[in-house]
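Written out below as structure tokens is the structure these notes cover.
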There are 2 protein chains.
Amino acid sequence: MQANLKYFFEPESVAIVGASSNPRKLSYGVLKNISQYGYKGSVFPINPKSDEILGYQCYKTILDVPEAVDLAVIILPASMTLDVLKQCGEKGVKACIIISGGFKELGSEGKQREVELMQVAEQYGIRIIGPNCVGNVNIHSGLNTTFIKGLPKAGGIAFVSQSGAVCGGVVDHVLDEGIGFSHLISLGNEMDVTETDMLDYLVHDDNTSVIAAYVESIRDGARFLEVAREVTRKKPIVLLKAGKSESGAKAVSSHTGSLAGSRTAYTTALKQAGVIEVNSLRSLLQTALALDLQPLPKNDRAVIFTNAGGPAALLSDSMDAQGIKLETLNEEVQVKLAEKLNPSAQTMNPIDMLGGANEDEYAHAIRTTIDHSQAGVLLPVLVPQALVNPLAVAEAFVNETKDSGLTTLACLVGKHSIADAKHLLHENKIPVLDYPEDVGQVLGAMRNYREVQKRPPLDSKVGKPAYHEKAHEYMQQLGERKQIGEADTRPLMELAGIPNVKGAVLNDLDAARQYAQQIGYPVVLKIVSDDILHKSDAGGIRLNIQDDQQLELDYQAMMRDVHKNVPNAKIEGVLVEKMYQGGEEVIVGMKRDDNFGPMLMFGMGGIYVEAFKDVSFRIAPLAEEEIREMIMETAAGRILNGLRGVEYDIDSLVHVLKALAELSIAIPQIKEIEINPLKVMPRGEGVVALDSRMILD
Amino acid sequence: MQANLKYFFEPESVAIVGASSNPRKLSYGVLKNISQYGYKGSVFPINPKSDEILGYQCYKTILDVPEAVDLAVIILPASMTLDVLKQCGEKGVKACIIISGGFKELGSEGKQREVELMQVAEQYGIRIIGPNCVGNVNIHSGLNTTFIKGLPKAGGIAFVSQSGAVCGGVVDHVLDEGIGFSHLISLGNEMDVTETDMLDYLVHDDNTSVIAAYVESIRDGARFLEVAREVTRKKPIVLLKAGKSESGAKAVSSHTGSLAGSRTAYTTALKQAGVIEVNSLRSLLQTALALDLQPLPKNDRAVIFTNAGGPAALLSDSMDAQGIKLETLNEEVQVKLAEKLNPSAQTMNPIDMLGGANEDEYAHAIRTTIDHSQAGVLLPVLVPQALVNPLAVAEAFVNETKDSGLTTLACLVGKHSIADAKHLLHENKIPVLDYPEDVGQVLGAMRNYREVQKRPPLDSKVGKPAYHEKAHEYMQQLGERKQIGEADTRPLMELAGIPNVKGAVLNDLDAARQYAQQIGYPVVLKIVSDDILHKSDAGGIRLNIQDDQQLELDYQAMMRDVHKNVPNAKIEGVLVEKMYQGGEEVIVGMKRDDNFGPMLMFGMGGIYVEAFKDVSFRIAPLAEEEIREMIMETAAGRILNGLRGVEYDIDSLVHVLKALAELSIAIPQIKEIEINPLKVMPRGEGVVALDSRMILD
């Protein structure tokens, strides 16, 4: 954990620089919030025009405060912040929250302000949250430096947000729901302290059991990946990433380039780090709540207790979508269940006790299931009914499940008449979902996180390859060229231990014929020219050449077509390659993401790659297990694994992906690299790259 | 519209048979509900033990009622319903709602009760809703025959539910939200009146502008399709189907059989009928609300007005997922916007007026956009802020948008402090969503429905084919056989005008050789045997035979393999076919759905069909436009259409699908039929079926 971060959350004293005595000002709201939720430290409003605000003595500058100040909250026009920060430095302040806007979000002038602030902060060793944020709340200590109205109850969810408004909206959503938080942290422009710093802090915070994050961008992808991977071994992170549009990558030069966008890099990184990615604010709250209140499911067999079939059907559908199945209740259990239920009740799972089911029937069904089945998940559902008391039923949920050690998620289908029951359940650590269709997603996230925790630590280190220096020398030879075709990518593949199809660049027909005879027909001809990016569009490929005669015809035809289609292309020669039969065609590639680094791609190759987008991704460095997972996520992987009867050489494929990862890390100049197709032969017979290309930085 | 349905909703008099004077009984609740929401007709409680309940004079039997009775609500034990229904018949009652349970839902005895009730109902011409339902509410007339507590306000949404509990849960959800309904209709076991009858009734109901339906199963798929197609030309239907698990079809005999499950049939039918299918109860409510309150979007260009970037990003993401784009605001508009906004506001779309934005700034931005851009959709977003009054902002939304004719959806991110604002907006016909991520789905549904309404009426009639009699004769010849292989499917294909690959069944090697010479090498050999379902597994296929010698070897090897793998198989002969090169392989098939009838399938053929599941479906009868849509929904279709440079003969493919539809309708015995692969040649060169098979009923 980094220095000084604790002063944001557990300061012994706080100064509010720019506190106003006018209740219509936000800075008054901040002081009021600090005053009213039980914060025990000293509070110093700083305002040259007031003597006292809200009962606190006021000081003209922070330098006038008679005691030490740990934390300063600055709410002043942007132009004044630099001087104030200097004063904070002189005063020995450890941490500053700059709520003021007027910085990077407005463009270059504001960005320059941040640079100047950062210099001062570094000079004095001050950590800064913001600027352009809404402050933070430590709910357990009562320190509230925001101007948000109202405060959720205390609990285990730390909410970290890059948008102050989302933070406020979340508070407004949960105020009346009895959902408990440990911290609300708004990070604003992240001039200094980032979302990753917060993960690192919160993993050590005893009041926090789950971290919920709203993120618009991650500043240092590689560090995030490293930190989050560690954090998720101890506490779950649930994350909502806003901004899904894929910028850049419009001028597409390879399949990898077009498929491996920056949004994909986020999703890939989050998955590799064991972070639970959700797609909505509602899901973020629901999932965090469940992870805070309940133990992880010990198995994936669930039982539904309901007073209505419809909601149970919707709930089952949502579980089905997550691959979670209903526990089969054997006849013995069903007989026991029937003893105290309506004779018409359904004792198969879902246990439908019918509309009149009351607290006793729910209690009996839940107790019987806990005692006589192996289910790991209990899902009581209540639809409000005219003659049933929701509060009494909720009490039954609590009493019967509390010592079970099983995962319980309740669904109360409604709003008007279940408010009290919901509060009771939340107080007793049973999360409540309002709609049955949301249960599956939450349970799926809990199951996924259990698997993350079970995962053995991965050895994702990728060493410096032995060919390192040779590769660098070779890259030097390529000079300033950006688009590297197959002919010049082949030597690098060879260095990296990736087998190329047998072939050579020749300068004329005679040499081509001689080489073809040497390697044996059938062969392939490919034009070699830096000026021709798409060989087949230019007529620069001839396949399946069977003999000398056909070679001559095809050679001449190809030259004619290329000269016609790309008149000014400089031709470096002709690549003659062995024509390969059999095997499965896959695509492997790498695109360097600006934020997260080298991202590997694997998928179905050949002509259908863009049509089916059957591809998967991983960010390097990565462990061999992750490469194998990556392969098996695709239909291509399942086909290679024997789906259609033949098992292919997956080990050799893994070797290629590993080699690509090593190569990408060793040679940062490579922006994109693609082997398409890579032929994967039956098991034991290896792989061979039939075409490859690179884009350099 | 069918006879008597109006008596359920607009009766001049109602009898409650089984009304209790005990406030703890549901039947008391029903009477109370009838009494308290302004129903103007006569009310007659029927109870032999009371003289008066809730101020209404009580009668011993319905026959004792001195006036005519239009509607009877029966809440008595199942065993008593038959006698009561007979009395209703004698009394001349037009419609009965049977709330009582104890019927089909309990099994065969209960089912028999329904049969007996139905006989009486038919004898007297009584229409029945239920049994096992919770009654109905006509909110505009105040007739409430349910025991549900509370009543939503009046509006345009008719909610039809096959689950009484879902009906109750929905009411509980919306009671405090100001969402208005025309009818709440719970259908129970649908012994007589079905969901389809209700569509047919509600399309003529002036108070209803949108039909929202919760459905567990549809009783008569073909009729539903026909009725819903007509209804959706006039009013939108939003439908949630519960129960997604695919039952049956475990023993899979073809790709079509495994891919075309009953859940797929539902989704396909709903799409063809122009019904908006949603996946959650929440979506059902949100979508119905928006369709009730707002006009359909006149175009798909939206403008977001917000006081915070984060929620706008989530909202944009949700629109992106639906393919709805943000309107580009030109510089002139942006200059006008800037005039009265915070100097730091973002005037590009989303228009971010920053946290302090008040009602005047929202009003200015909305007005400017309406006056100076072509956007068809306005999306004002408000996150509660300390110094902003949500009610005043909501008023601005209403005032500025009300005469614009544009589609407005508001998003108020919160709950606690926006309740009043939400009510105001709902009263003024602006739907409010609580979470920005939900906006895209709702807008997408409105856009889709606009396209449904624009769609010209389709001619989906499929006539009796000319070969009808011949085909029936041929089917007779096939006798009792269920699994029909290629050899015996070919003649039917030929009758239907679907070109088979050139081929013939031969009885020995000599005949095979002679035929191969006649059609020319290369050829294919296939074993012909009713006992061999999977020819390739049995070693019963030999491809690419180049000459007489290879034919002999392959013939003998195949016979050996088949005898070894399936020792007792009766071999009818060998199919010798021309080996076909070139073209694209697709799969076309038909599976007869129990509920909806013949369902056609089209997709990528050959070896990848199960791996990629790139398939689409339509239910026959269908129009040619629907066949073309079906093709273009798949990657296979886009490839045929020239995605990779070559255009294939889509017209001939359409002809084959049309022929399959005709054949399936003409010959109901065919349960499944599959052509895999069908080779589609380049445009103008036709198609050819390389393999086909059938399953008969």
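Some points to look at:
- Some residue of the stretch A:120-129 being within 14 Å of chain B (Cβ to nearest Cβ), farther than 28 Å from B:T347 by Cα, in a loop (DSSP other than H, G, I, E, B) and open to solvent by less than 10 Å² (accessible area, probe 1.4 Å): no
- Residues in the stretch B:367-418 that are basic (K, R) and in contact with a Phe, Trp or Tyr (Cβ under 6 Å, 6 or more places away or on another chain): none.
- Of the residues making up the stretch B:496-504, at least one is of a type in the set (K, R), touching a residue at least 24 places away in the same chain (Cβ under 8 Å) and surrounded by fewer than 20 Cβ atoms within 10 Å (Cβ to Cβ).
- Taking the criterion of being out of contact with any Leu (no Cβ under 9 Å at 6 or more places or on another chain) and either assigned to a loop (DSSP other than H, G, I, E, B) or within 12 Å of chain B (Cβ to nearest Cβ) (or both), the only residue of the stretch A:386-397 that qualifies is A:N389.
- Filter result (in a strand (DSSP E or B), more than 14 Å from chain B (Cβ to nearest Cβ) and open to solvent by less than 10 Å² (accessible area, probe 1.4 Å)) within the stretch A:139-166: A:L143, A:G156, A:I157, A:A158
- Restricting attention to the stretch A:100-125, the residues that are in contact with a Cys (Cβ under 8 Å, 6 or more places away or on another chain) and over 12 Å from A:M191 (Cα atoms) total 1.
- Given (1) more than 10 Å from every other protein chain (Cβ to nearest Cβ); (2) in contact with an Asp or Glu (Cβ under 7 Å, 6 or more places away or on another chain); (3) within 21 Å of B:G102 (Cα to Cα), number of the condition A:Q346 does not satisfy: (1)
- The one condition in (1) farther than 28 Å from B:Y266 by Cβ; (2) in contact with a Phe, Trp or Tyr (Cβ under 8 Å, 6 or more places away or on another chain) that B:D691 fails to fulfil: (2)
- So B:A538, is it under 30 Å from B:E473 (Cα atoms), modelled with pLDDT under 95 and either open to solvent by less than 10 Å² (accessible area, probe 1.4 Å) or within 49 Å of the chain's Cα centre (by Cα) (or both): no
- One residue alone among B:D197, B:D192 is open to solvent by less than 10 Å² (accessible area, probe 1.4 Å), among the charged types (D, E, K, R) and either within 20 Å of B:E114 (Cβ to Cβ) or assigned to a strand (DSSP E or B) (or both), and that residue is B:D197.
- For the residues A:E486, A:E480, the requirement of being buried (at least 20 other Cβ atoms within 10 Å of the Cβ), out of contact with any helix residue (DSSP H, G or I) (no Cβ under 8 Å at 6 or more places or on another chain) and more than 29 Å from A:L175 (Cα to Cα) singles out A:E486.
- B:A72 among the small types (G, A, S), outside any strand (DSSP E or B) and open to solvent by less than 10 Å² (accessible area, probe 1.4 Å): no
- Residue within the stretch A:321-329 that is on the phi > 0 side of the Ramachandran plot and either hydrophobic (A, V, I, L, M, F, W, C) or more than 12 Å from chain B (Cβ to nearest Cβ) (or both) present: yes
- First in the stretch A:91-117 and surrounded by fewer than 18 Cβ atoms within 10 Å (Cβ to Cβ), second anywhere and of a type in the set (F, W, Y), Cβ under 8 Å, 6 or more apart: A:K111/A:F103
- The stretch A:75-90 - residue that is more than 15 Å from A:M191 (Cβ to Cβ) and open to solvent by 40 Å² or more (accessible area, probe 1.4 Å) and, of those, nearest to the other protein chains (Cβ to nearest Cβ): A:P77
- Test: residue in the stretch B:518-529 that is open to solvent by less than 80 Å² (accessible area, probe 1.4 Å), touching a residue at least 60 places away in the same chain (Cβ under 8 Å) and in a helix (DSSP H, G or I): no
- The stretch B:261-325 holds helices (runs of 4 or more DSSP H) entirely within its bounds, and those carrying 2 or more residues that are within 30 Å of B:V388 (Cβ to Cβ) and in contact (Cβ under 8 Å) with a residue 60 or more places away in the chain map to B:281-293, B:309-320.
- Qualifying residue in the stretch B:641-655 (condition: touching a Ser or Thr at 6+ places or on another chain (Cβ under 6 Å) and open to solvent by less than 10 Å² (accessible area, probe 1.4 Å)): no
- Residues in the stretch B:344-392 that are of a type in the set (S, T, N, Q), open to solvent by 30 Å² or more (accessible area, probe 1.4 Å) and closer than 22 Å to B:E437 by Cα: B:Q346, B:Q385.
- Scanning the stretch A:274-303 for residues that are open to solvent by less than 10 Å² (accessible area, probe 1.4 Å) and either of a type in the set (D, E) or within 13 Å of chain B (Cβ to nearest Cβ) (or both) gives A:V278, A:L281, A:L284.
- Candidate set from the stretch B:173-189 (those that are surrounded by fewer than 23 Cβ atoms within 10 Å (Cβ to Cβ) and within 14 Å of another protein chain (Cβ to nearest Cβ)); member that is farthest from the chain's Cα centre (by Cα): B:D176
- The requirement of being under 20 Å from B:Q374 (Cα atoms), in a helix (DSSP H, G or I) and polar (S, T, N, Q) is fulfilled somewhere in the stretch B:334-351, by at least one residue.
- Residue ranges of strands (runs of 3 or more DSSP E) in the stretch B:537-650 with at least 1 members within 14 Å of chain A (Cβ to nearest Cβ) and not aromatic (F, W, Y): B:541-545, B:584-593, B:597-604, B:615-619
- Note on the stretch B:643-658: residues that are touching a strand residue (DSSP E or B) at 6+ places or on another chain (Cβ under 8 Å), of a type in the set (G, A, S) and modelled with pLDDT under 95 amount to 0.
- Residue selection: A:A445 fails the criterion of being modelled with pLDDT under 95 and farther than 16 Å from A:P311 by Cβ.
- Restricting attention to the stretch A:563-608, the residues that are β-branched (V, I, T), under 16 Å from A:E486 (Cβ atoms) and crowded, with 21+ Cβ neighbours inside 10 Å add up to 4.
- Checklist (1) open to solvent by 30 Å² or more (accessible area, probe 1.4 Å); (2) part of a strand (DSSP E or B); (3) not acidic (D, E) applied to B:R219, failing item: (2)
- Among (1) in contact with a Leu (Cβ under 6 Å, 6 or more places away or on another chain); (2) in contact (Cβ under 8 Å) with a residue 40 or more places away in the chain, the one test that A:I627 misses: (2)
The values are calculated or read from the model by the stated rules, or taken from the named source; none is laboratory data. All values reported here derive from a predicted model rather than from experimental measurement. Glycine also receives a Cβ, built like all others from the backbone with ideal geometry; neighbour counts cover every protein chain displayed. Remember, those area values only see protein heavy atoms, side chains included, never the ligands or the DNA or RNA. Shrake-Rupley method; radii C 1.70, N 1.55, O 1.52, S 1.80 Å.
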